[in-house]
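Peer 1: Take this structure, written in structure tokens, and hold onto it; I'll ask about it next.
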Amino acid sequence: MSAFSLQDDEDTFKILIATDIHLGYLEKDPVRGNDTFVTFNEILEHAQKNEVDFVLLGGDLFHDNKPSRKTIHTCLESLRKYCMGDRPVHFEILSDQAVNFQFSKFPWVNYQDGNLNISMPIFSIHGNHDDPTGTDALCALDILSCAGLLNHFGRSTSVEKIDISPILLRKGRTKIALYGLGSIPDERLYRMFVNKQVTMLRPKEDEDSWFNLFVIHQNRSKHGATNYIPEQFLDDFINLVVWGHEHECKITPAQNEQQHFYVTQPGSSVVTSLSPGEAVKKHVGLLHVKGKKMKMQKIALETVRTFYMEDVVLADHPELFNPDNPKVTQAVQAFCMEKVEMMLDNAERERLGNPRQPEKPLIRLRVDYTGGFEPFIIHRFSQKYMDRVANPKDIIHFFRHREQKEKNDNDLNFGKLFSRPTEVTLRVEDLVKQYFQTAEKKVQLSLLTERGMGEAVQEFVDKEEKDAIEELVKFQLEKTQRFLKERHIDAEEEKIDEEVRKFRESRRKNTEEEDEEVREAMTRARAHRSKDVVLDSASSDEELMDTEMKASGDSDDDIPTTLSRGRGRGRARGARGQNSAARGSSRRGRGNTSQGSSTSSRTYKSVPDKNLSIMDAFKSLKQEPSQNASKFFSEDIMDDELDLEEAPIRLSSKANQRFSAASSFSKRGSQSQMSRGVDFESDEDDPFKNTATSRRNK
């Protein structure tokens, strides 16, 4: 009898697995605006119909870091509809939940909350689209977690060391150790793996009896030297890895030949880019786990908008197209129209078989016009399909294949080996680095580093941290000034420039220290934004108070005209009765109050309001008395950073003390060699049968 002939017995876990749902993608589009919400409801329908024990999400539940009210509301509506009910939950948690959910205000799983009635728990890590940001490092998943509709786990804030504590689950005689790691910048995580700063904790007792399930959200395919996470970095005691972030659906688990664990890549549930990987049929997975055996059942998503894509190389059709023909452009346009009609016919046949699919499909025709051809006007071509496709403006994509020049006959021309161009995604930090490295010498950076500036620009673009660049510049200026003062450099421009260059080169080599600089600058920027919000709120309250005072006969005659002329932010920051100098010191919420610098927990007096060159700033330091110099370089700014670093370390040590008996853990280094004995079974042709037996014999 098959191990899964009784799939609903008391020892079998049933888990619905999905990743990259991207709620809110193109929500303002009149045609595609509801696609993500409809498919999310279908995923929860499958989970409810199959009566799964829980749903496991691999990151990027939301498409935007700051989802709109519509997106949040629709998500809450779906979770409340499908996740709440009277059906009992049949598994228990053995690990210390205060460690598993240490960043939550309610550090316990939601179905054990006496005030909630959860019938289908959801466990999720965060992705790179919905990662924690802001002063309190919150993300949209924290809102759902606080509402009791989702369990957010796998979060780490340390840049020095990561200890991954699993959630220990037990159902009957089956035990699962659920590991999770939310999205971290790939370069940083790559470096931490290389430096052995990532540790996965394991139960001390019966560690070989646990089914180890790991959820990760990183680049799986190589996008650069360190801009991905190789599978070989992961520990070999893992049984199954659920890999998020990659959108191509590869739901059938594939075995890693070196580590011998299996990797499943569910892919996205919505088309977010018109690329070949997105054209693959979308699925979610129904995972059955019993003991150390598993089976993955593919479930096709029926509400996903169909997407057809095809490539055309005009040079491959010399019998149809001649570049010298004056009417070749009209011939190419007719040829492309015929291709689009064929794809529309295929989409219509597929939709008739499933009425739940949207009517208008996504169509993409990529045309390589290398060889002397000219592209036709896409706008006129798109107008013919306005009512038939969901992306009329993006139907045709013209590109020209670039061939590498051969140095000699013996060298291989790799440009000719590929008939299709590879799409490269440019990152902001790479563009910044490339710009400053290729710029003229007079505009190159002499104080800042390209890496730090690139990170700041990335924060400004992706997370809308408007003060990120400014704070990074000021922070690095402070640090350089402090370095020069400690070395007692004479106020000669040549010596100062030489020391600045040496200091900059030392910082460029120390990447960890540079990461700390960026973190501190981002913390400052978030603190300023938080203060701005408070001041905005205070200004509104002050306006209301002024109105009430005027109604009761009070007057503002004693307030200077410069203050009574404007309301809002100027009033809140200047405060009532302050002179212009006092108002200037409190600009942007950074200055000291009338009580002096001693009342402020963090001081930024070391940075002048106006932009000073390093020479001017250094000269101003030389003029300061030694007593004032100690105040000038107040170390209060480091307090918040120390607090942030101590919190996860303290909790990690507490976790090691709490994990006793079945919930205690032991550290295992990376690449530990041991046999696991995992069986994989599937309803389809299974290429993985009997692999567990062979590994045990091995």
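Peer 1: When you check residue 219 against the structure, is it polar (S, T, N, Q), at pLDDT 95 or above and crowded, with 22+ Cβ neighbours inside 10 Å, yes or no? I'd like the intermediate steps shown before the answer.
Peer 2: Working: polar (S, T, N, Q): yes; at pLDDT 95 or above: yes; crowded, with 22+ Cβ neighbours inside 10 Å: no.
No; evaluated as a whole, the condition is false for this residue.
Peer 1: Tell me which residues, restricted to segment 222-252, are charged (D, E, K, R), open to solvent by 20 Å² or more (accessible area, probe 1.4 Å) and assigned to a loop (DSSP other than H, G, I, E, B).
Peer 2: Within segment 222-252, 222, 246, 248 qualify.
Peer 1: Oh, and also: Which of the following residues is without any contact (Cβ under 8 Å) to a residue 60 or more places away in the chain, crowded, with 16+ Cβ neighbours inside 10 Å and under 20 Å from residue 273 (Cα atoms): 314, 344?
Peer 2: 344
Peer 1: Further, regarding this structure: When you scan segment 349-383, how many residues do you find that are touching a residue at least 12 places away in the same chain (Cβ under 8 Å) and closer than 30 Å to residue 37 by Cβ?
Peer 2: The qualifying residues number 14.
Peer 1: Is there a residue in segment 25-46 that is surrounded by fewer than 21 Cβ atoms within 10 Å (Cβ to Cβ), over 27 Å from the mean Cα position of the chain (by Cα) and under 20 Å from residue 120 (Cβ atoms)?
Peer 2: Among the residues of segment 25-46, not one is surrounded by fewer than 21 Cβ atoms within 10 Å (Cβ to Cβ), over 27 Å from the mean Cα position of the chain (by Cα) and under 20 Å from residue 120 (Cβ atoms), which makes the answer no.
Peer 1: Can you say whether residue 87 is within 27 Å of the chain's Cα centre (by Cα), open to solvent by 30 Å² or more (accessible area, probe 1.4 Å) and basic (Lys, Arg), as far as the supplied structure shows? Spell out the reasoning first.
Peer 2: Details: within 27 Å of the chain's Cα centre (by Cα): no; open to solvent by 30 Å² or more (accessible area, probe 1.4 Å): yes; basic (Lys, Arg): yes.
Against the criterion (within 27 Å of the chain's Cα centre (by Cα), open to solvent by 30 Å² or more (accessible area, probe 1.4 Å) and basic (Lys, Arg)), residue 87 does not qualify.
Peer 1: Sticking with this structure for a sec: Of all residues being assigned to a loop (DSSP other than H, G, I, E, B) and under 16 Å from residue 182 (Cβ atoms) in segment 48-69, which is most open to solvent (accessible area, probe 1.4 Å)? Just the residue, please. Give the steps one after another, and end with the answer.
Peer 2: As a first pass, look at segment 48-69 and keep what is assigned to a loop (DSSP other than H, G, I, E, B): 50-53, 58-61, 63-68.
Applying the additional criterion that residues be under 16 Å from residue 182 (Cβ atoms) yields 58-61, 65.
Values: 58: 0, 59: 4, 60: 1, 61: 5, 65: 27 Å².
Checked segment 48-69; the qualifying residue most open to solvent (accessible area, probe 1.4 Å) is 65.
Peer 1: Does segment 116-129 include one or more residues that are over 17 Å from residue 65 (Cα atoms) and open to solvent by 30 Å² or more (accessible area, probe 1.4 Å)?
Peer 2: Yes: one or more hits.
Peer 1: Taking segment 135-173 on its own, how many of its residues are within 20 Å of residue 82 (Cβ to Cβ), open to solvent by 20 Å² or more (accessible area, probe 1.4 Å) and of a type in the set (S, T, N, Q)?
Peer 2: Of the residues in segment 135-173, 1 are within 20 Å of residue 82 (Cβ to Cβ), open to solvent by 20 Å² or more (accessible area, probe 1.4 Å) and of a type in the set (S, T, N, Q).
Peer 1: If you go through segment 358-398 one residue at a time, how many are buried (at least 19 other Cβ atoms within 10 Å of the Cβ), of a type outside the set (Phe, Trp, Tyr) and assigned to a loop (DSSP other than H, G, I, E, B)?
Peer 2: 6
Peer 1: Tell me the residue from 289, 304, 263 that is open to solvent by less than 50 Å² (accessible area, probe 1.4 Å) and in a loop (DSSP other than H, G, I, E, B), please.
Peer 2: When all the criteria are applied, what remains is 304.
Peer 1: Looking only at segment 202-211, decide whether some residue is in a helix (DSSP H, G or I), open to solvent by 30 Å² or more (accessible area, probe 1.4 Å) and within 27 Å of residue 104 (Cα to Cα).
Peer 2: no
Peer 1: Additional query: Do we have any residue at all in segment 347-368 that's among the hydrophobic types (A, V, I, L, M, F, W, C) and touching a helix residue (DSSP H, G or I) at 6+ places or on another chain (Cβ under 6 Å)?
Peer 2: First, the residues of segment 347-368 that are among the hydrophobic types (A, V, I, L, M, F, W, C): 347, 352, 362-363, 365, 367.
Now narrow it down to the ones that are touching a helix residue (DSSP H, G or I) at 6+ places or on another chain (Cβ under 6 Å): 363, 365.
Within segment 347-368, one or more residues are among the hydrophobic types (A, V, I, L, M, F, W, C) and touching a helix residue (DSSP H, G or I) at 6+ places or on another chain (Cβ under 6 Å).
The values are calculated or read from the model by the stated rules, or taken from the named source; none is laboratory data. Note that the structure is a prediction, hence the values are computed from the model and not measured. Note that each Cβ is placed from the backbone with ideal geometry, even for glycine, and that neighbours are counted across all protein chains shown. For accessibility, only protein heavy atoms count, side chains too; no ligands or nucleic acids. Shrake-Rupley method; radii C 1.70, N 1.55, O 1.52, S 1.80 Å.
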